[in-house]
Amino acid sequence: MDILIQQLINGITVGSVYALVALGYTMVYGIIGLINFAHGDVVMVGAMVATTLVVTLIGADPGSMAAWLAIVIALLVSIPVCMALGWLAERYAYRPLRRAPRLAALITAIGVSIIIQNIAMMVWGRNYLSFPHVIEPVVFPIGGARISLLQISIIVIATAIMACLLLVVHRTRLGTAMRATAQNREVAGLMGVNINTVISAAFLIGSALAAVAGVMVTTYYGVAQYTMGFMLGLKAFTAAVLGGIGNLGGAMLGGLLLGIIESLGAGYIGNLTNGVFGSNYQDVFSFIVLILVLVFRPSGLLGERVGDRA
Amino acid sequence: MSTQNAATRSGVSLKVWLGIALFGVVLAILPFILGMAGQSWVRTLNFALLYVMLALGLNVVVGFAGLLDLGYIAFYAVGAYVWALLASPHFGLHLPFWMVLPAGVVLAAFFGAMLGAPTLKLRGDYLAIVTLGFGEIVRIFMNNLDAPINITNGPQGINRIDDISIFGFDFGRSQEILGLRITGPEKYYYLLLLLTIIIVVICARLQNSRIGRAWEAVREDEIAAKAMGINTRNIKLLAFTMGASFGGVAGAMFASMQGFVSPESFSLTESIMVLCMVVLGGMGNIPGVILGAILLSVFPEFLRAIVVPIQQAVFGDVIVDPEGIRMLLFGFALVLVMIFRPAGLWPSAVRRRELTGAKGGQA
Amino acid sequence: MSQADNLLEIRQLDVAYGGIKAVRAMDLTVGRGELVSLIGANGAGKSTTLRAICGLVPVSGGEILYDGKSIVGTPSYMLVRQSLVMVPEGRGIFGQLTIEENLAMGGYSRNDAAGVQRDTERVLDLFPRLAERRRQSAGTLSGGEQQMLAMGRAMISQPRLLLLDEPSMGLAPLMVEKIFEVIRTIAAEGVTILLIEQNAKLALETSNRGYVMESGQIILQGPSGQLLDDPKVRAAYLGEEEAV
Amino acid sequence: AENTVVKLGFAAPLTGPQSHYGEDMKNGLTLALEEANKQNIQLDGKPATFELVSRDDQADPRMAVQVAQQIVDEEVNGVLGHFNSGTTIPASSVYNDAGLPQIAMATSPEYTDQGYDTTFRMMTSDTQQGAAAGQFIVNELGAKTVALIDDRTAYGQGLADQVAKAVEAAGGKVIAREYTTDKANDFTSILTNIKSKEPAAIFFGGLDAQSGPMRRQMVTLGIKAPLVSGEMTRSATFLKLAGEAANGTYASLAGVPLKQMAAGEKFQSNYKERFKVEPGVYAPYAYDGAWNMITAMKEAGSAKPKAYLPKLASLQRSGATSQNIAYDKKGDLKEISVTIYEVKNDKWEMVKTMVSKAN
Amino acid sequence: MPDLLLVANKLNKRFGGLQALSDVSFSICKGDIYGLIGPNGAGKTTLFNVLTSLYVPESGNCNFMGHQLTRLKPHQIAVVGIARTFQNIRLFGNLSAIENVMIGRHIRTRAGLWGAISRNKRTRDEEAAIEQRAQQLLDYVGIGHRSNDVAQSLPYGDQRRLEIARALATEPTLLALDEPAAGMNASETVVLRRLIEKIRDDGVTVLLIEHDMKLVMGLCNRVLVLEYGKVLAEGKPADVQRNPKVIEAYLGAGAASEAAKAPAGATTKDMQ
Ligand SMILES: Nc1ncnc2c1ncn2[C@@H]1O[C@H](COP(=O)(O)OP(=O)(O)OP(=O)(O)O)[C@@H](O)[C@H]1O
Ligand SMILES: Nc1ncnc2c1ncn2[C@@H]1O[C@H](COP(=O)(O)OP(=O)(O)OP(=O)(O)O)[C@@H](O)[C@H]1O
Ligand SMILES: CC(C)C[C@H](N)C(=O)O
Ligand SMILES: [Mg+2]
Ligand SMILES: [Mg+2]
């Protein structure tokens, strides 16, 4: 029981991060139908910028500044950096391809991902950056399980951000314009929507979320490196699809679920299969869950099932 | 249509045949020319041919049938492991070429169908992620099936895989034939060339056939295709199986050429790389896909060969990390090619239309 | 008519898709408060003309003046803010948005929430079928229902110039009558309208003036009544069998 | 008179995340060749100049075969490298085909098990190191129950398997086996599992990029057992990544500390003078590897592979890392040493060196 | 008693809370041009989708020449002899006109994998025949001169004709047309009407959804009127258009009189 609770805590924490990143995927996908392969790398840049800043601010002398203040400053810097990055990619790499076949845009996104990674490598080098150990490891016991203050903060912040985003998309003019643009760009234009602005906005919001996720990852795990975006991006993309790509609620649900599935998978596959398979099959387990979900719900858990009107 | 073709055929046939003959001669002596610069270039060439096979196989799935497959490398892996398991000291089996190759192809095709089955209902990018997952599943199994029973030897991979040998003619060793010294890689080149040509012919014929048209129909509008009586499930499965079997051939060749397989050669990045070849070259267009495969497999080698020397020449030292630059250039190349030639370097007529025919939208 | 009276004035317009010229040297004017119809066979270039006005296809030659100012090259979202509104061919509703949200998009470039609210109510009164389904996603509406939605949405945009591309397409007879009634109502309120229709008879009966287009060019123009009586028009567009 | 140009091939990851290991090796080799060039060695009747033909294998098996071919094309006289098991093994067959002696770095045991007469090592194999680590865990740490984690790479898995064997052989028990990847940084799930089984020690086969965060998460989860790991963990990066949590971590490293090496101090000062940095773990072994090959050539009086290969096999010399360098029939070092380190006060400190004479 | 071709019995289809079809029953005889009319949203297209198995009805069945349509997969519908067009045109937009029609020949031809790869004589002959037949069909619907043009770039009316040619390529017994005259002007509709008559005369039964009353009343020999998913009326056009319920729900006064001017469909049929 304690183990189960602990695994759930582990899963929900990672899941919250996945969800934040998945939102960025889904927003962009929802609007321009692009799997933005470079999104994970934006998260990476967020993590790298934040780590560098915190190191500079308090690295050598832990007493020099309150940890939370340093992290807030790091956030305030990495958010605009990531937003600029997302905006640049959209403006110069994806926008020229709006009318191109979708796979062309996909390959471009792969190209952008490679570019961001390698520039990051040149800037920060190949070595792992270490996030200074500034946060007191406050731990609360829940029965035999433990949850750290950091985990609680991650879960709470992610949830709050996601709630705000839902409100924006479903309750504001910009949100409706986003959804309209997603459906039919040309007609949205005819309604007075500047679609370039709206698409940029989606990238900006997505990148801001990515920055937050990046900061969370690096504070939580204490490491950041130029290749870290790939796996994280992939996981988040999987989460977005699990929830129903293009659907914000789906991205959140998918993220959380994937986090939980992974941690339960790693935790219980061994017991379930009597030790024949172990945690080495964790990803297999996640993908099988994903495939099963899609077999029964081909557009993901919350994906719009558009009655394909013949 | 056909009359037009016939007219042009007789008109330029001499030139065309001369061209083909010349091309044939070039292909035939290519390894010897490259071999002068070193056998490693022959190996690079062989890998280019392997990638051509892979790209052509993926092109059947992505280009012809319009199914985005991000796990294609799994079939390559299946082909490679079948060869490795049936012709190496690992199980002590040393089955001959003519048994192992078909086994690899059939098993890869079977995996193709297996992947196809659960994904048939899925559209577009849902398919992409499921195929990606499938590719990873295959890799993970290969990486972990060393316990409880050792099947794949896990991350250590399988070593000392047999060379192909036909009637005692061993493809791995150098030998003298008619006074001409011919090396292992050179022999493999001809074998690979032969297989590639066979695959090209199969692809070309399939494309212009009843089946090829059915693939096009599925790609363009699945509901309309169904209304035309096309069994979209079978036709998609067929695409997966065909594509997979080409991947299987390439994998088997890879295993015997390298003499060693391990799961790290079959990562997601490889799948993405092959997809880049297909799209960058010109999806759906066989010559385009071949071009894409050759360019992308040689381009990194080429960059590797020039980045350091150029820096040394210009700055007198290696100032910027060569690997960074190399990959950076590669990334920029992908982006720029796509921006300036969104349908690929050598697109098919249909894809070009897709680009200009922006009319309608969704409605 | 003096220039100032024309809300829309097209001079020597050329539009091409790739190498194919879809509209050639077209001249067309719509006066303030006028209802002008543009008829022509399939592929004559009618929709292309409207799309060119709205900045959806690039213009290769000529001038388009709206309210006396050139609007060539102005993106469509800017035009809406100047009250130039189009209902596109094929309706262009947002399938996954609800009917309410679709209507709200009509008011996207307006700043008076109360006015938008009032106009929305009016539209829902006019089309009770839409009112019944306010929260349904628009993609599941039948063809005719979608057309109503598109018209209603345009009305909420408060057009000064309204461009309609085949508003009767796919509508049941009763509905066609109703749509045309709406068109007349809108026109009577002083909105200037350029109407494309395949139902040439109805279009000409409703409009003040008409243009007839063939292969990208205007071949006939004049008061609607006059065109209705023109034997060529009758033969080519009204389907009078005896004349074929 | 003309010189005999002796080309020595070298391949290792020179780009990518493992490139610092490659650079380290390369520096060690360079130092050896520069020294040799000053010594006026006569080979095949002429003064010999040594040249390094260096290639990047990116730690990728496919590239490894490719660069092996390039090295063979350059008509080298012998090969030093590669670094990883995954690259060394497939490349070795290319060198063997060309009859070229190859001295590789550490690698899994399979490298020398292939039956080739051209394969040799610069240092211990993963088996030997794993055995030492396993013994240390049971005998010195007194941990009878051990949990194993590996990253499913050829290196990590190979090492963990050897440790498992050694633990069982020493009377300990492996009570949990968990897995991760070389790209992961979340280990909370597997650690939670392990925690529930209450092992006395946890061994991890993998890289410092994983062991650092892993150690931190162990502490957060309240796991008291020490973490033991292989040579990759004995790095500054680990200390940085694990932070305060690092204390109480052990790592095994093939060889002895430089200070204890036969000619370690001298090597260290030469190296620092030449490259302006401290030598890494592998540089002295690479340096010795190069000298092993050169010595064999000197003894044979020839740089021709056929001629000096037997001399290499029967080599007996004293180098920087050991006074007693000699190969067994397979090409493994006869005498090996493994040192265990521990993090104390945020620094790596030596605990114990275990020397064993194989066979 | 004319041959019954299709008998639909109590078909029901729901979308969430909306009953799109409720207890719809009707039958079509061989040689009919059977009209299907009704207000927008009445369920006409839904009925088409149910007949062609794109939607699965909650209850009811539908017998077509001994086949239970509701048990067939969408792709089997064409095989048993029903072909259709779509209200929102669904051509293979990037393919040429003739390729579109050639795809329609799929189920009436056989070449498989081996035939395609070996390209034996049989396959080559079959290919030639497919191409020839496709060209014939394009000529038949009147767009033979545009066979190499990309479907998407054809004008709307031609696209509708192309859809008909593609459907005919499957050699249907029953051809179901969903608003073929939409977007056509009156003169073009006249041409379309001749085409449909020709198709009927060549032995294909036609099921027609249309809002153009002149066309429906002039062409059909029977008409089914749907409203809110229910059958409102069924019968000869002349009777239907006089039915006050139909006038009130669908036709409106204007269209009723307009349609009345058209020659009645039944007479056309009797004349042949
Ligand atoms: N995106 C496009 N690309 C190429 N050609 C096009 C495109 N859109 C339209 N055309 C061509 O331009 C010409 C004019 O088309 P347009 O749509 O303006 O005609 P229309 O008068 O509106 O016809 P309809 O009554 O069928 O709507 C046609 O020949 C058409 O095929
Ligand atoms: N996939 C679907 N999901 C939900 N509702 C649907 C779906 N398809 C159709 N409907 C609803 O069913 C009703 C009937 O639609 P249908 O398209 O059959 O009408 P129709 O008679 O063809 O109308 P029209 O003449 O306008 O084309 C409509 O109210 C529509 O909103
Ligand atoms: C495109 C996204 C911004 C909106 C998304 N379709 C949702 O509402 O979930
Ligand atoms: Mg039009
Ligand atoms: Mg309909």
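Only the coordinates and a few stated rules stand behind these numbers; no lab work does. Worth saying up front: this structure is predicted, and the values here are computed from it rather than measured. Quick reminder, even Gly has a Cβ in these numbers, built from the backbone with ideal geometry, and neighbours come from all protein chains shown.
Some notes on this structure:
- Alpha-carbon centroids, the stretch A:241-255 and the stretch B:294-316: separation in whole Å: 43 Å
- Coil-residue trypsin sites (Lys or Arg not before Pro) of the stretch D:212-247, DSSP, other Cβ within 10 Å capped at 12: D:Lys224
- With Cα atoms defining each centre, the stretch A:6-72 and the stretch C:143-193 are spaced 50 Å apart in the structure.
- Relative to the longest principal axis of the Cα atoms of chain E, helix E:156-168 runs at roughly 70 degrees.
- Debye log10 I(q)/I(0) at q = 0.07, 0.09, 0.10, 0.16 Å⁻¹ for chain E, Cα point scatterers: -0.26, -0.42, -0.52, -1.27
- For the protein assembly as shown, the mean residue ellipticity at 222 nm estimated from helices alone is -17000 deg cm²/dmol, where every DSSP H run of n ≥ 4 contributes -39500 (n - 2.57) and the total is divided by all residues, rounded to the nearest 500.
- Angle in degrees between helix D:154-169 and the longest Cα principal axis of chain D, rounded to the nearest 10: 60 degrees
- Convex hull volume of the stretch D:203-359 per residue (C-alpha atoms, cubic angstrom): 134 Å³
- Binned Cα-Cα distance frequencies in chain B - 10 Å width, integer %: 5, 21, 31, 26, 14, 3, 0, 0
- Here the protein assembly as shown is assigned +1 on the Cβ of each Lys and Arg and -1 on the Cβ of each Asp and Glu. Its dipole about the Cα centre then comes out at about 1360 debye.
- Here the stretch E:149-262 is treated with +1 on each Lys and Arg Cβ and -1 on each Asp and Glu Cβ, and its dipole about the Cα centre works out to around 320 debye.
- Per residue Cα convex hull volume in Å³ - calculated over the stretch E:120-246: 137 Å³
- Shape analysis of the stretch A:3-296 yields a ratio of the Cα radius of gyration to the Kirkwood radius, Rg/Rh, of 0.98.
- Between B:Val201 and A:Leu69, the simple spin-label model (points 7 angstrom out along Cα→Cβ) gives 7.8 nm.
- Within a Gaussian network of chain E (alpha carbon springs, distance under 10 Å), most fluctuating of E:Val206, E:Val101, E:Val246: E:Val246
- Relative contact order for the stretch E:95-171, counting Cα pairs under 8 Å that sit 6 or more residues apart, in percent: 51 percent
- Near the amide H of D:Lys7, within less than 5 Å, lie the amide hydrogens of D:Glu51, D:Asn77, all on another chain or at least 5 residues away, with H placed in the peptide plane.
- Förster radius 56 Å - calculated FRET efficiency between B:Ser13 and D:Ala170, Cβ distance, rounded to 0.05: 0.10
- Here the Kirkwood formula, the inverse mean of 1/r across different C-alpha pairs, assigns the stretch E:95-171 a hydrodynamic radius of 12.6 Å.
- Plainly put, the stretch B:125-189 has a radius of gyration that is 1.26 times its Kirkwood radius, both from alpha-carbon atoms, as the Rg/Rh ratio.
- The convex hull drawn around the Cα atoms of the stretch A:4-50, when projected onto a plane and averaged over every direction, covers 4.1 nm².
- With both labels modelled 7 Å from their Cα along Cα-to-Cβ, the E:Lys73 to E:Arg242 distance reads 5.0 nm.
- Placing unit charges on each Cβ (+1 for Lys and Arg, -1 for Asp and Glu) gives chain A a dipole about its Cα centre, and among A:Asn271, A:Leu234, A:Ser130 the Cα reaching farthest toward its positive end belongs to A:Leu234.
- Each listed q (0.27 Å⁻¹) maps to a log10 I(q)/I(0) for the stretch C:90-156 from the Debye sum over equal C-alpha point scatterers, namely -1.22.
- Positive-end extreme of charge dipole, the protein assembly as shown - chosen from B:Ile235, B:Trp346, B:Leu27 (charges on Cβ): B:Ile235
- Sequence-distant lysines (8 or more away, or on other chains) whose Cα lies within less than 28 Å of D:Lys224: D:Lys144, D:Lys165, D:Lys173, D:Lys183, D:Lys195, D:Lys197, D:Lys240, D:Lys344, D:Lys347, D:Lys352
- Largest-first principal axis extents of the Cα set of the stretch D:24-154 (Å): 61, 33, 26
- Compactness of the stretch C:1-55 as Cα Rg over 2.2 N^0.38 Å, two decimals: 1.20
- Compactness of the stretch D:173-276 as Cα Rg over 2.2 N^0.38 Å, two decimals: 1.27
- Start at zero, step by 20 Å, and the Cα-Cα distances of chain D spread as 31, 55, 13, 0 percent across the bins.
- Computed magnitude of the charge dipole of the stretch C:90-156 (debye, nearest 20; Cβ of K, R +1, Cβ of D, E -1): 100 debye
- In this rough spin-label picture, where each label sits 7 Å from Cα along the Cβ direction, the A:Met231-C:Ser215 distance is 6.7 nm.
- Each residue in D:Thr249, C:Thr120 was given a count of other beta-carbon atoms within 10 angstrom of its own, and listing them fewest first yields C:Thr120, D:Thr249.
- Rg/Rh, computed from the Cα trace of the protein assembly as shown with Rh as the Kirkwood radius, has the value 1.03.
- Largest mean-square fluctuation among B:Asn46, B:Asn285, B:Asn143, in a Gaussian network model of chain B whose springs join Cα atoms under 10 Å apart, belongs to B:Asn143.
- Loop sites in the stretch B:51-101: chymotrypsin sites (Phe, Trp or Tyr not before Pro), DSSP, at most 11 other Cβ within 10 Å: none
- Antiparallel bridge percentage (DSSP; both residues within the stretch E:105-244; nearest 5): 50 percent
- Under 25 Å from E:Lys245, Cα to Cα: lysines that are on another chain or at least 8 residues apart: C:Lys178, E:Lys10, E:Lys13, E:Lys44, E:Lys214, E:Lys230, E:Lys236, E:Lys261
- Under 5 Å between amide hydrogens, built in the peptide plane, is the criterion, and for B:Asn231 it picks out nothing among residues at least 5 positions away or on other chains.
- With a cut-off of 15 Å on the backbone N, the residues of the stretch E:81-97 near the modelled label site 7 Å out from E:Met65 along Cα-Cβ are E:81-84.
- Excluding exposed DSSP-loop trypsin sites (Lys or Arg not before Pro) (at most 11 other C-beta within 10 Å), longest clean stretch of chain E: E:111-260
- Cα centroid separation, the stretch D:89-118 to the stretch D:250-319 (Å): 18 Å
- FRET E, pair A:Val276, B:Phe23, Förster distance 60 Å, beta-carbon r, rounded to 0.05: 0.65
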